[in-house]
Structures are given as structure tokens and as C-alpha cells.
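For reference, the structure is listed below as C-alpha cells.
No value in this document is a laboratory result; all are computed from the given coordinates. Please read these numbers as outputs of a predicted model, since none were measured by experiment. With ideal geometry, Cβ positions are generated from the backbone for all residues, glycine too; neighbour counts draw on all protein chains shown.
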Amino acid sequence: MELEAAKLIAGALVTLPAFGAALGLGMYFASYNNAIARNPETKKLLDEKFFLILAFIEALGIIPIGIGAAMLFG
Amino acid sequence: MASPIHQFVVIPLAPLEIAGIDVSFTNSSLWMLISAVVSIVFLSMAMRRKAMIPGRLQITAELLYEFVGKMVQENIGKDGRQYFPFIFTLFVFILTGNLLGLFPYAFTYTSHLIVTGVLALLVFFMVIGFGLYNHGLKFFRLFLPPNVPWWLVGFIIPIEIISFFVRPLTLSVRLFANMMAGHIILKVVVGFAVSAASMGVAWAALGVFPVLINVGLIMFELLVAVIQAYVFAILSCVYLKDSVDLHH
């Protein structure tokens, strides 16, 4: 029973990095919009790496969720 | 409710053992084969007519080709043309694997670390192989960026070596974790609908909401499937650039 409780707690705790990823994504999009609003000519430059950086930030949130799910259901 | 992990189990469809090594044809192998066949059939059909004014299918194939071609050219440079067939194959293989995995009862072979790990190691060893072939032992200058102060050399070189060797790990885990986590979340949410349906009519009506959430999640997973294939391909290009141009 204690092991099950520990697994549930661990699985819940490991999803906490999603907060950081959500914050990071919000800040990233805000900076992107801000940069383009201030200087529309930089859109092409920013678009080149947009999805790459988005994927990096998103991966940091999804990887712990995957690990948590694996711990809970594995 | 079935375990969300169950969808990742590799099942041998045609058990086969050679010299004590299990080389069975599994559900993972089957979906890799399906992915290869789908890609070949799609690209063959799309480019069959080679019309000057392309139809929709030909435009799709040409867009895919130009997208990868542009990515290779921008990230590796003009010397990167030799890597285009590899990067294009890698991108299409991962993309079709990710997309086919979203179909019901399909198997997402990119949700297995062994598959993504092998692809990442392939890129890693290509970088080392081509790097040594193009530059010889000067390839190891990669671990000492230019204009580094002498008092930082002892600190920078170990960091550069670690960051180089950690590349296949991050490349493989990023794709594997995204695919695995996404499919687990899909299964868990739809499990709520199944559980609600099994509890009676009133609860079954509430089970519509998890299905609607799943519709949104499937759309998100479609985006993730494409983005992760793109990220894998573009990072492969960035790493391969090291074998072409040591310091950039």
C-alpha cells in the first residue's frame, strides 16, 4: 500500500516541471510577438528558429509527464 | 481500464531466431514497413506525372522536398547537398511514423527509445565518420572553440566533450518522450470516457467531455508529430554541419 502511495505521489510530483515549461512557453511567445510588433522586418529571422525553440521548451514539460505516467502505470 | 503502457508493448508477429538472437518480425517492424510503403507509394504517385503545372499531390511532394532541401541548405551550407537524401529519408521516416501512430490500433514505433536511439546514434556516428574523413585529426578541434582564453581551456574542453556525447541521448529522448507521453495522455483521457460509459447512462453523457478533450489532444498531437520530426531533422543538420565546417 505504501509503495502504491509513493508511486502516486512521485507520479504527481514529476509533473511539476510542466509549470516551468508553461511559463517558458508563455514568455517565449510574448517575446516573439513583442519583437515582431516592434520590428516587423525581423519576422523572417525569428521564424527560422521558432519551431525549434518551441519544441525544446515543450519537451522539457512533456518528458516529465511521460516519466510520471510511466511510473504510475508501469 | 486498460493500462496506457499496454499500447507500447512489442508483440512478435512472426517469431524468428538466428544464432540465438531474436530477430522476430514484430508489430513495430510491421508499422515501419507500412510507413516505408506509404512514403514510397505517396512520393511515387505524386511525382509520376511530373507535370509542369503540378496537381495537389505533386505540390505536396514538391513542398516536402523543398522544405527539407531548404533546411539542409540553410543549416549545413552548399556542402550539405550530399546529406540531403539521408536527411530527407530520416524526416519522412519519422514523420510517417509519428502520423501513422495516431491512427486507432496503430503502433508508434518512434515511441520506443531503441528506435529513436538507433536513429540518433546513426546521425552521431555519421558526424564523427564524415568529420574524420573531411578533416582528419583536426576534427577534434571541435572541442576547443576559437578565441577561448587560455585560462578557460581546461574548463571548456570537458564541457564541449560532454555536450558532444550527450547529443544522441537528447536527440533520441526528446522524440521518444514526446511520442510516449502524448499517446499515454490520449489513452488516459479516453479511458475516462470508457469508465464513464460503463457506469450508467447519466455518467455516459458526461463521458462526451473527455472525447471532446481528446479531439483537441489529437490536433495537438498532430502538431507535435510534425514538429518533432522537423526538430529531429534540423538538429541532425546542425550536428552534421560540424563534420563540414568545424567552427561556425
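Amide H contacts for B:Val23 (H built 1.01 Å from N in the peptide plane; partners 5 or more residues away or on another chain; cut-off under 5 Å): B:Leu16, B:Glu17, B:Ile18.
What whole-number distance in Å separates the alpha-carbon centres of segment B:11-26 and segment B:89-157? Distance between centres, Cα-based: 28 Å.
Normalised by the number of residues in segment A:2-73, what is the relative contact order in percent for Cα pairs under 8 Å and 6+ residues apart?
61 percent
Note on A:Ala18 and B:Phe209: the model spin-label points, each 7 Å out from Cα along the C-beta direction, lie 1.6 nm apart.
So which helices of chain B fit the span-like rule, where a helix is a whole DSSP H run, its Cα atoms reach 24 Å or more along the axis, and its mean Kyte-Doolittle is at least 1.0? Helices meeting the span and hydropathy rule in chain B are B:27-46, B:113-135, B:167-197, B:208-244. Going from the fewest other Cβ atoms within 10 Å to the most, the residues B:Phe42, B:Phe124 appear in the order B:Phe42, B:Phe124. Remark: A:Lys7, A:Lys49 ranked as A:Lys49, A:Lys7, counting other beta-carbon atoms within 10 Å and listing the fewest first.
What the Cβ-Cβ distance of B:Val9 and B:Arg81 gives, at R0 = 30 Å and to the nearest 0.05, is a FRET efficiency of 0.15. The slack between B:Leu33 and B:Ala19, meaning 0.36 nm per residue of separation minus the straight C-alpha distance, is 2.6 nm. State whether segment B:46-104 is rounded, prolate or oblate according to the following rule on the C-alpha gyration tensor (a ≥ b ≥ c being the square roots of its eigenvalues): a/c under 1.5 gives rounded; otherwise a/b larger than b/c gives prolate, and the remaining case gives oblate. In terms of gyration-tensor shape, oblate. Listed by Cβ neighbour count within 10 Å, with the fewest neighbours leading, B:Tyr109, A:Tyr28 appear as A:Tyr28, B:Tyr109.
Taken over chain B, lysine pairs spaced eight or more positions apart, or on distinct chains, with alpha carbons under 27 Å apart number 7.
Per-residue Cβ counts within 10 Å, from other chains only, averaged over A:54-61: what number is that?
Per-residue shielding by partner chains comes out at 5.
Would you mind getting me the FRET efficiency between B:Val41 and B:Val153? Use the beta-carbon distance for r and R0 = 56 Å, nearest 0.05. For B:Val41 and B:Val153, the calculated efficiency is 0.55.
To two decimal places, what compactness ratio does the protein assembly as shown give when its Cα radius of gyration is scaled by 2.2 N^0.38 Å?
1.14
Each of A:Phe50, A:Pro64, A:Thr15 was placed along the dipole of chain A (beta-carbon charges, centred on the mean Cα), and the one lying farthest toward the positive end is A:Phe50.
In terms of its C-alpha gyration tensor, segment A:2-73 has a prolate overall shape, because the principal axis ratio a/c (a ≥ b ≥ c, square roots of the eigenvalues) is not below 1.5 and a/b outweighs b/c.
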